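Step one of this worksheet: look at the structure below.
Read the figures in this text as sums done on the coordinates, not as results from a lab. In this text the structure is predicted, and so the values were computed from the model without any measurement. We place every Cβ from the backbone using ideal geometry, glycine too, and count neighbours over all the protein chains shown.
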Amino acid sequence: MVCYNGFKEGVNMKKSGVLLLILILVGCSINPTSQSFTTVEPSDNVDGLSTLEIHPALTNSMWEFTEKTKSLILTDENEVYSPVSLYSALTLLIPAAKQESKENLLSALALENPEHLTNFFKRHNILSDEFSSLLTNSIWYGTQEEFSQSIEAELSEDYIVSVHQADFSKEQETSNLIKEFIDNRTNGFIKDLEVKVSSDNSLMLLNTLYLKDLWSQELFMDTTINFTTPTNETIQVDGSKTVKENGNYFEDEQAQLFYYSLKNTGGVLFIKPTQDLNSYFDEVNLVDVYSKLETMFENNYYDVTFEMPHTDISSRFEKINDFLKPLGFEEILSTTNPQFSYLENGTPQFVSDIIQQARMVVDNKGVEAAAFTQVDVDTTSAPPMENEKVDFILDKPYLMIVLDAYQNPLFITSVLNPNQSAQ
């Protein structure tokens with residue numbers, strides 16, 4: 001472990017993505033002290049880390065989890081949510097779970113082998129002038145709580161976790177300390193950051209993810225789009241326009257799909273449903289959408305006139321644990337039958353609440369996104385001869401899915417009204 005205090009000078013921070021995930025474990029008789037930030041040092045060797053292979057089964061697992069949880073963004077507002085953030089946080093429960101609960105958790109996550117996670121966490125550890133994708137896992141616990149050495153070793157080696165101590169009895173001071181840590185790892189991108197700390201806390205697991213990248217092709221022109229909202233109101237929105245030759249495009253009865261690549265990692269999959277978003281989610285499994293990406297990459301026989309609104313979207317989701325319970329997490333998230341223990345003495349602990357707060361900005365330069373999630377845990381077809389010309393005008397409610405280089409779904413966003421700015 002090495003100290004890392006902030007971002008390198010000169011890093012272009014115009015387009016970034018941040019997501020962070022907090023798991024708070026609550027206990028009793030706590031009087032710990034604070035310590036300096038010690039984390040795994042990020043690498044600027046993009047080519048070196050890009051050689052780390054992500055197992056296809058892990059990507060499939062993340063898409064299955066995204067399908068399970070997609071209805072989080074089906075509201076009457078614009079929403080943004082990070083499936084990978086929530087997924088990654090839940091995997092940090094694996095080393096502390098009882099054997100039967102561990103099996104249930106792996107099943108609920110559709111995770112074939114936890115060993116597949118290590119390269120994923122290592123690969124998202126890049127910080128450079130050109131591109132950043134920085135994931136940090138950490139543990140915060142009190143000095144009077146003896147953390148299990150075997151669990152700590154497993155988390156450190158397989159989940160790339162750093163360890164910290166904090167005085168949870170000093171709620172405001174510790175809240176400020178953790179905010180400082182989060183700002184340190186995310187360049188202060190998250191606005192109105194709220195970290196709730198209770199004197200009952202015995203342990204906190206924290207995950208942050210910072211993403212910055214630009215579009216691969218910056219040949220956008222300014223445009224105005226006549227956008228039809230769900231209430232059939234036509235509004236004018238500021239946007240960008242370009243023509244993408246040999247574009248990755250697909251359409252069927254349910255939707256038009258267009259993939260626009262980022263300069264260094266993955267890209268954004270734009271989905272324009274034929275009907276409304278609710279009907280689309282009822283009819284379509286997102287795992288099937290993932291399977292169409294290969295077809296889109298192979299059949300790039302389209303010159304796509306692409307118009308997209310500029311968007312700035314914020315969301316906050318509470319009681320995600322209640323949302324997850326009927327999705328295979330009922331026993332794992334039980335409040336009456338504790339399923340976890342991170343402590344040397346084996347004191348049972350259980351998840352009591354999960355909250356995520358997120359923001360995502362998309363414009364003519366690239367993508368910038370952020371998410372904050374808090375999890376409280378208490379103790380006790382054939383190509384044409386020439387390119388077909390198609391229009392992909394985002395002039396009605398649509399979806400955006402931000403993907404990494406292995407098509408893992410980092411963020412999913414619904415846009416109902418592009419003029420609705422983040423609060």
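The figures follow:
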| quantity | calculated |
| --- | --- |
| Karplus-derived 3J(HN,Hα), 6.51/-1.76/1.60, for each residue of the stretch 67-74, Hz, glycine and proline x | 4, 4, 9, 4, 5, 4, 9, 8 |
| Charge dipole magnitude, Cβ of K and R +1, D and E -1 - the stretch 279-396, Cα centre, debye nearest 20 | 260 |
| Near-label residues of the stretch 308-333 by backbone N, under 16 Å of a point 7 Å along Cα→Cβ of SER107 | 325-333 |
| For the stretch 194-225 versus the stretch 252-319, the gap between their alpha-carbon centres in whole angstrom | 20 |
| For the chain, average projected area of the Cα convex hull in nm² | 19.8 |
| Per-residue Cβ neighbour rank within 10 angstrom, fewest leading, VAL361, VAL284, VAL84 | VAL284, VAL361, VAL84 |
| Neighbour-count order for VAL161, VAL237, fewest beta carbons within 10 angstrom listed first | VAL237, VAL161 |
| Lysines whose Cα lies under 18 Å from that of LYS272, excluding same-chain neighbours fewer than 8 positions away | LYS70, LYS241, LYS244, LYS292, LYS389, LYS396 |
| Efficiency of FRET between VAL243 and GLU294 - r from beta-carbon atoms, R0 22 angstrom, step 0.05 | 0.35 |
| Residues LEU416, LEU394 arranged by fewest to most Cβ contacts within 10 Å | LEU416, LEU394 |
| Reach of LYS212 by Cα under 20 Å, taken over lysines that are not fewer than 8 positions away in the same chain | LYS8, LYS14, LYS15, LYS122, LYS191, LYS263, LYS365 |
